[in-house]
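Report on the structure given below.
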Amino acid sequence: FIYAKAIEGPKFPLAIIKSTAGQLPTSFVLSDEQSMSPQFKLSQFKEVSLTARISKSGNAIPEKGDLIGFIPKLKIGEKNIQLIIQEVQP
């Protein structure tokens, strides 16, 4: 899963892409097309956090042992971001 959350706003992901570990490394674009809710579009926010998570079970909810990468703060529209998966979900 690759998803963006608002720095200030709802706690749930604004936009999400589901992929497989076999497709990594990959290039991606998150936009309003991947929005989780029509009320909270990615383009309505100025800054987001970005997370990539490899779920061993395939579940959307984070679980112990999942592999994660995290960028705590990005401006909407930033390009050429490298999101490196290098941590394990405690």
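Take Ser55 and tell me if it is under 15 Å from Tyr3 (Cβ atoms) and without any contact (Cβ under 8 Å) to a residue 60 or more places away in the chain.
Yes; evaluated as a whole, the condition is true for this residue.
Tally the residues that are surrounded by 10 or more Cβ atoms within 10 Å (Cβ to Cβ) and under 20 Å from Glu78 (Cα atoms), restricting the search to region 20-32.
5
Condition (residue is more than 15 Å from Glu87 (Cβ to Cβ), within 11 Å of the chain's Cα centre (by Cα), of a type in the set (A, V, I, L, M, F, W, C) and open to solvent by 30 Å² or more (accessible area, probe 1.4 Å)) applied to region 55-67: is it met by at least one residue?
no
State whether one or more residues within region 35-50 are out of contact with any helix residue (DSSP H, G or I) (no Cβ under 9 Å at 6 or more places or on another chain), among the basic types (Lys, Arg) and either surrounded by 14 or more Cβ atoms within 10 Å (Cβ to Cβ) or on the phi > 0 side of the Ramachandran plot (or both).
Checked against the condition, which is being out of contact with any helix residue (DSSP H, G or I) (no Cβ under 9 Å at 6 or more places or on another chain), among the basic types (Lys, Arg) and either surrounded by 14 or more Cβ atoms within 10 Å (Cβ to Cβ) or on the phi > 0 side of the Ramachandran plot (or both), region 35-50 yields no hits at all.
Of all residues in region 68-90, which are out of contact with any Pro (no Cβ under 6 Å at 6 or more places or on another chain), open to solvent by less than 90 Å² (accessible area, probe 1.4 Å) and over 16 Å from Lys18 (Cα atoms)?
Selection gives Ile71, Pro72, Leu74, Ile76, Gly77, Ile81.
The values are calculated or read from the model by the stated rules, or taken from the named source; none is laboratory data. Bear in mind that the values here come from a model prediction, so they are computed numbers and not experimental data. Glycine also receives a Cβ, built like all others from the backbone with ideal geometry; neighbour counts cover every protein chain displayed. Please note that ligands, DNA and RNA were not included when accessible areas were found on the heavy atoms of the full protein model with its side chains. Shrake-Rupley method; radii C 1.70, N 1.55, O 1.52, S 1.80 Å.
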